[in-house]
Amino acid sequence: MQKLSAPKLLISSDGKYYGFPNEDTIAKFLKFNQRPLTFYFNYRHIKNTRWDDDELRDAYIYKTEYGKLNEGIKLSLIPTMLTNNTDKTH
């Protein structure tokens, strides 16, 4: 966990079979990851709502995003700020 650092983490699991997301794993991400940090959950579930807590978010400087029921969550892997530079001098 100390070598894995990303500002955005997608957690795609419902906890149905394996109990994911594991609370210890999320806690390690909070301890070792860069800030600001955002957790993206594919949908709201009893196993991930623990992290939807304002006191925890304030203490560990992170955000949570949840997908909508029956829609999940949509993330783009392409940065939204693509350069559209018309200056060809460099």
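How high is the relative contact order of region 14-68, given as a whole-number percent (alpha carbon pairs under 8 Å, six or more residues apart)? List each step's numbers first, then the result.
Details: 51 pairs, mean separation 23.1, N = 55.
Relative CO of region 14-68 lands at 42 percent.
What is the gain in length, in nm to one decimal, between residue 50 and residue 69 on full extension, counting 0.36 nm per residue of separation less the C-alpha to C-alpha distance?
Taking 0.36 nm per residue and subtracting the Cα distance, the gain is 5.1 nm.
Readers should treat all values here as calculations from the given coordinates under stated rules, not as data from a laboratory. In this text, all values refer to a predicted model and were calculated from it rather than measured experimentally.
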